[in-house]
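The values are calculated or read from the model by the stated rules, or taken from the named source; none is laboratory data. None of the values given here were measured: they were computed from a predicted structure. Backbone-built Cβ (ideal geometry, glycine too); neighbour counts: all protein chains shown.
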Amino acid sequence: MLKGENLIKVYSSGIISPVEKTAVDGVNIEIGEGETIAIVGESGCGKTTLAKMLMGQIEPTGGEVYFSGRKLTAMKRRELRSLRTSFQLIPQHPDDAVDPRWTIGRSVAEPLAIAGKMSREEIEDVVDGQIAEVGLGGELKERYPHQVSGGELQRAVIARAMTLEPKVIISDEATSMLDVSVQAHVMSVLKNLREKRGLSLIIITHDLGLARAVAKRTYVMFAGEVVEEGADVFENPLHPYTRSLLEAMEYSDIEDTVIEECEVPAGEHVGCRYYGRCSERTDECRKKQALRDCNGHKVRCINVDEH
């Protein structure tokens, strides 16, 4: 349904002496209709940049994006704009997605009002239905963002996204600022919407427990690359980085082990990017590693035996 092939994103910083840095480097990713996948890794590893390329918010430096067989990266802006409603992003901070001066009801209705294809009464009916579908009471329509809890506001943002009947929902750390019990409620809402509407869900998270609970497949990213991908990366982790994340999960949050600078200078692709932190490194690791099939999933490590 949605596929990225060899996606690359290079950013330039600085005016006098611009420096190019690669945020995403050669990533292949795919999600089927009705599937849930997770993208996990530390802050700065390229998770959000990758997701925004998939949904057309950021133009790739290289590579292609396909949606239902159509090449998004070859489309003109007008064509792409007509498809953008198929992708909706649920942000980490729900207050970033709504106007604090507007009621919840008006914020949920805004995408439909902009589209201009429905009467006021029709919009009202859709808003009522969406608010109920995410488990909120109708009285919240008249409240303002500061008058509701974080979990309620996040569900309102989900309701707003669903008014456009998207095919793909991208949850970008959408539950990380919420209490554990509220996180479960919000994820339950997304799961129910996926099952009811056949949505595809992309869960971007540093919470490995969440990824393990909801995703059919998981992509593990480090320094702009996918280092491991598969359905059983938690039960059978092969890459040293994946194993280190799972060990860290036992006593802390992987956000506590953020790399200070995760992006790599453009063109500098010497050896394994995890080399400097890997306790299992060998001289062979100084060579560029490809993502290869191994034990039922894919791993970017020369020290893993193929079976």
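Summary of computed values
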read-out	value
Residue check, GLY4 at pLDDT 90 or above and at positive phi	no
Failed condition for GLU228, given (1) out of contact with any His (no Cβ under 6 Å at 6 or more places or on another chain); (2) at pLDDT 90 or above	(1)
Filter pass, LEU153 being of a type in the set (A, V, I, L, M, F, W, C), within 22 Å of ARG194 (Cβ to Cβ) and either in contact (Cβ under 8 Å) with a residue 12 or more places away in the chain or surrounded by fewer than 17 Cβ atoms within 10 Å (Cβ to Cβ) (or both)	yes
Which listed residue is in contact with a helix residue (DSSP H, G or I) (Cβ under 8 Å, 6 or more places away or on another chain), crowded, with 17+ Cβ neighbours inside 10 Å, over 18 Å from LYS47 (Cα atoms) and modelled with pLDDT of 90 or more, from VAL233, VAL220, VAL189	VAL189
Listing of strands (runs of 3 or more DSSP E) fully contained in segment 112-224 that carry 2 or more residues being in contact with a Cys (Cβ under 8 Å, 6 or more places away or on another chain) and not charged (D, E, K, R)	217-222
Conditions (1) farther than 16 Å from MET1 by Cβ; (2) in a helix (DSSP H, G or I); (3) modelled with pLDDT of 90 or more: number failed by ALA51	(1)
Selection from segment 187-216 of residues that are touching a residue at least 12 places away in the same chain (Cβ under 8 Å), farther than 20 Å from GLU33 by Cβ and of a type in the set (S, T, N, Q)	THR205
Residue match in segment 275-286 (condition: of a type outside the set (Ser, Thr, Tyr), surrounded by fewer than 18 Cβ atoms within 10 Å (Cβ to Cβ) and at pLDDT below 85)	no
Among (1) closer than 30 Å to GLU42 by Cβ; (2) within 19 Å of the chain's Cα centre (by Cα); (3) at pLDDT below 95; (4) not aromatic (Phe, Trp, Tyr) - the single one GLY198 does not satisfy	(1)
So THR49, is it crowded, with 17+ Cβ neighbours inside 10 Å, among the polar types (S, T, N, Q) and closer than 17 Å to SER200 by Cβ	no
Residue, surrounded by the most Cβ atoms within 10 Å (Cβ to Cβ), within segment 61-109, restricted to residues that are of a type in the set (Val, Ile, Thr) and either part of a strand (DSSP E or B) or modelled with pLDDT of 95 or more (or both)	VAL108
Matching entry among THR48, THR36, THR22, THR61 (being closer than 30 Å to PRO237 by Cα, more than 16 Å from the chain's Cα centre (by Cα) and in contact (Cβ under 8 Å) with a residue 40 or more places away in the chain)	THR22
Of residues in segment 31-46 being assigned to a strand (DSSP E or B) and in contact with a Phe, Trp or Tyr (Cβ under 9 Å, 6 or more places away or on another chain), the one surrounded by the fewest Cβ atoms within 10 Å (Cβ to Cβ)	ILE37
Hits in segment 242-254 - residues which are in a helix (DSSP H, G or I) and either modelled with pLDDT under 50 or of a type outside the set (D, E, K, R) (or both)	THR242, SER244, LEU245, LEU246, ALA248, MET249, ILE254
Any hit, segment 28-42, residues being modelled with pLDDT under 95 and either of a type in the set (Lys, Arg) or out of contact with any strand residue (DSSP E or B) (no Cβ under 8 Å at 6 or more places or on another chain) (or both)	no
